[in-house]
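Remarks on the structure that follows.
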Amino acid sequence: MKDGFRQQGKRNQLVELLREKGIIDEKVLSAIGSIPRHLFMDSSFEDHAYQDKAFPIGAGQTISQPFTVAFQTQLLEVKPDEKILEIGTGSGYQAAVLCELGAKLYTIERQQELFKKTQKFLDKLGYRPKYMSFGDGYKGLKEYAPFDKIIVTAGAPFVPKSLLSQLIVGGKLVIPVGENPQIMTLFDRKSQRSFDKQTFGEFRFVPMLENKS
Ligand code: SAH
């Protein structure tokens, strides 16, 4: 697992590109500047790691495009020690960004092989989510709720009610909604019963799937 000057140089260029594309949260940019994204992909694809592109990670899944990761994370406005739930652990890259920002992270993945692989890998890199769950993100994680923030990293055909209900009042849910493309949507919980909703344009994600039965 090599990470040296060459990779750091490419990361710095990626950060500049994200700045040009409109990412302004310095903490998010600095997290992306320090996480070795190439290690989250098969070694033969190292040259693709610092391009602003999504990439296959096996089992029909992808590591999200860096701009998408940065954009979603910026919308979440993460503060250290916040309790955050991620749906779709995947490669663990978004999880690493959230850990780097000081979040107490809970993350759910429904593909068992990916779940096991990423659990080992994140631990090896020193990123330690509070809890990694093999399960169905549509249900959220009731036993650990409520959360300050929730981020969904797969395309959701609809907004799961359980996720809205597992937010604290004052909390935020960032979720790409729809089927190809998805509309990036931010919910702010204003009270027990009311949510503010804002949308931020089109993105493309692999679909959030119902649990395997
Ligand atoms: N955050 C990931 C993105 C992975 S792509 C990263 O940084 O690499 C989306 C992931 O969501 C896939 O790994 C997919 O298996 C997972 N997923 C799809 N439907 C899900 C569901 N219902 N519950 C939990 N995870 C789900």
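Miscellaneous remarks
- Subset of the range 72-87 (residues that are in a helix (DSSP H, G or I) and either near the ligand (Cβ under 9 Å from one of its atoms) or touching a helix residue (DSSP H, G or I) at 6+ places or on another chain (Cβ under 9 Å) (or both)): Q72, T73, Q74, L76
- Sole exception among (1) under 12 Å from the mean Cα position of the chain (by Cα); (2) of a type in the set (A, V, I, L, M); (3) at pLDDT 95 or above for I63, by number: (3)
- Inside the range 146-175, residues that are in contact with a helix residue (DSSP H, G or I) (Cβ under 8 Å, 6 or more places away or on another chain) and part of a strand (DSSP E or B) make up a count of 8.
- Checking I57 against (1) under 26 Å from K172 (Cα atoms); (2) open to solvent by 10 Å² or more (accessible area, probe 1.4 Å); (3) aliphatic (A, V, I, L, M), the condition it does not meet: (1)
- For the range 132-144, the criterion of a residue being open to solvent by 60 Å² or more (accessible area, probe 1.4 Å), more than 16 Å from the ligand (Cβ to nearest atom), under 23 Å from M41 (Cβ atoms) and modelled with pLDDT of 95 or more is satisfied by no position.
Residue-by-condition table, conditions (1) closer than 18 Å to K117 by Cα; (2) open to solvent by 20 Å² or more (accessible area, probe 1.4 Å):
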residue: A31; (1), (2): no, no
residue: P36; (1), (2): yes, no
residue: Q51; (1), (2): no, yes
residue: P66; (1), (2): no, no
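- Among the residues listed as G22, G102, G90, the single one being open to solvent by less than 50 Å² (accessible area, probe 1.4 Å), at positive phi, in contact with a Pro (Cβ under 6 Å, 6 or more places away or on another chain) and in a loop (DSSP other than H, G, I, E, B): G102
- For first residues located in the range 105-129 and closer than 20 Å to G60 by Cα, partners that are within 11 Å of the ligand (Cβ to nearest atom) and aromatic (F, W, Y) and lie 6+ apart or on another chain with Cβ distances below 6 Å form the pairs E109/F115; Q112/F134; F115/F134.
- Check on M184, of a type in the set (A, V, I, L, M, F, W, C), within 15 Å of the ligand (Cβ to nearest atom), part of a strand (DSSP E or B) and open to solvent by 10 Å² or more (accessible area, probe 1.4 Å): no
- Matching entry among D42, D81 (being acidic (D, E), within 21 Å of Q166 (Cβ to Cβ) and loosely packed, with under 14 Cβ neighbours inside 10 Å): D81
- Residue within the range 158-172 that is over 23 Å from S43 (Cα atoms), under 15 Å from the mean Cα position of the chain (by Cα) and more than 12 Å from the ligand (Cβ to nearest atom) present: yes
The values are calculated or read from the model by the stated rules, or taken from the named source; none is laboratory data. On a predicted model such as this, the values are computed, not experimentally measured, just so you know. Heads up, the Cβs are rebuilt from the backbone with ideal geometry, glycines too, and the neighbour counts pull from every protein chain shown. Quick note on the areas: whole protein, heavy atoms, side chains included, nothing else; ligands and nucleic acids left out. Shrake-Rupley method; radii C 1.70, N 1.55, O 1.52, S 1.80 Å.
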